[in-house]
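S.K.: Right, I'll just put the structure down here and ask away after.
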Amino acid sequence: MTTSNPTLAIPGQLLGSTSRYQPGPGTHIHNHNVHASLMGTVHIAQPAKAPGPVKRLTKITPAPAPAELPTISVTVPTRSAGSDHAGQKKREVLPEVGNVVLCRVIRITPRQAVVAILVCGDTVLDAEWQGLIRVQDVRATEKDRVKIYESFRPGDIVRAEVISLGDQANYYLSTARNELGVILATSEAGNAMHPVSWKEYRDPETGLTELRKVAKPY
């Protein structure tokens with residue numbers, strides 16, 4: 001029997017310990033933990049049970065092998081085939097003002113971070129829409145002291161809110177609320193980091209910290 005977790009996974013996200021799950025497609029192991037390698041839906045497949053009744057033991061036998069663990073995997077959602085007309089694609093989801101999105105930082109400048117919007121709400125987008133997080137929209141307080149390079153780095157995964165449809169090329173996004181900001185970051189040494197304060201991530205391998213606009217966990 002296979003159960004599906006409705007929560008979307010993003011690359012690098014911790015899914016569970018190897019003592020609880022076996023890694024399946026779309027995952028990898030790091031430091032005895034299973035992490036997502038893809039952006040998509042998490043699935044947990046329970047191990048198949050042996051058919052038929054369990055036989056009664058009549059002699060001394062070797063201890064049974066440990067029970068198999070459930071397999072956890074990540075798959076990329078596909079479009080439903082249902083539509084009003086044969087061959088007609090479903091209408092694409094577009095970010096709207098007020099939507100919370102997940103995006104990846106592409107590049108930074110002194111005045112803004114350029115991002116690719118990957119997820120809108122609970123929907124993985126088929127196309128990557130470009131957005132901007134301007135320096136005045138990074139934090140709710142001390143806006144005049146905000147520095148983009150101390151808030152984001154290319155490759156960061158950021159949770160943000162759409163505050164304006166912007167121009168034809170970009171959506172304007174904000175991370176000013178406590179629960180918005182960087183949710184996944186990789187250090188300069190290439191290691192996945194964990195947050196240690198509202199403005200710092202730490203590399204567990206080197207012990208070094210890097211500045212970010214950290215998102216408070218839900």
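S.K.: How about segment 193-218: which of its residues are touching a residue at least 60 places away in the same chain (Cβ under 8 Å) and open to solvent by less than 40 Å² (accessible area, probe 1.4 Å)?
M.R.: Arg212, Lys213
S.K.: Output the qualifying pairs, or none if there are none: Cβ atoms under 7 angstrom, residues six or more apart or on different chains, first residue in segment 17-35 and farther than 17 Å from Leu184 by Cα and in a loop (DSSP other than H, G, I, E, B), second residue acidic (Asp, Glu) and at pLDDT 85 or above.
M.R.: none
S.K.: Would it be correct to say that Gly155 is free of Cβ contacts under 8 Å to residues at least 12 places away in the same chain and either open to solvent by less than 70 Å² (accessible area, probe 1.4 Å) or small (Gly, Ala, Ser) (or both)? Write out each step before concluding.
M.R.: Details: free of Cβ contacts under 8 Å to residues at least 12 places away in the same chain: no; either open to solvent by less than 70 Å² (accessible area, probe 1.4 Å) or small (Gly, Ala, Ser) (or both): yes.
When the stated conditions are applied, Gly155 does not pass them.
S.K.: Something else about it: Taking segment 182-192, which residues are open to solvent by 20 Å² or more (accessible area, probe 1.4 Å) and assigned to a loop (DSSP other than H, G, I, E, B)? Don't jump to the end; show me each part of the working.
M.R.: Going through segment 182-192, the residues open to solvent by 20 Å² or more (accessible area, probe 1.4 Å) turn out to be 183-184, 186, 188-192.
Selection gives Glu188, Ala189, Gly190, Asn191.
S.K.: Right, next: Go through the residues of segment 100-107 one by one and say whether even a single one is at pLDDT below 70 and surrounded by fewer than 14 Cβ atoms within 10 Å (Cβ to Cβ). Full working, then the answer.
M.R.: Taking segment 100-107 first, the residues at pLDDT below 70 are none.
No: zero hits.
S.K.: Return the pair list, or none, for Cβ contacts closer than 6 Å from residues in segment 159-181 that are touching a residue at least 40 places away in the same chain (Cβ under 8 Å) and outside any loop (DSSP other than H, G, I, E, B) to residues that are surrounded by fewer than 17 Cβ atoms within 10 Å (Cβ to Cβ) and polar (S, T, N, Q), at least 6 apart or on different chains.
M.R.: Between residues of segment 159-181 that are touching a residue at least 40 places away in the same chain (Cβ under 8 Å) and outside any loop (DSSP other than H, G, I, E, B) and residues that are surrounded by fewer than 17 Cβ atoms within 10 Å (Cβ to Cβ) and polar (S, T, N, Q), the close pairs are Tyr172/Ser164.
The values are calculated or read from the model by the stated rules, or taken from the named source; none is laboratory data. On a predicted model such as this, the values are computed, not experimentally measured, just so you know. Neighbour counts are summed over all protein chains in view; Cβ atoms, including those assigned to glycine, are modelled from backbone coordinates with ideal geometry. We work out accessible area using only protein heavy atoms, side chains counted, and drop any ligands, DNA or RNA first. Shrake-Rupley method; radii C 1.70, N 1.55, O 1.52, S 1.80 Å.
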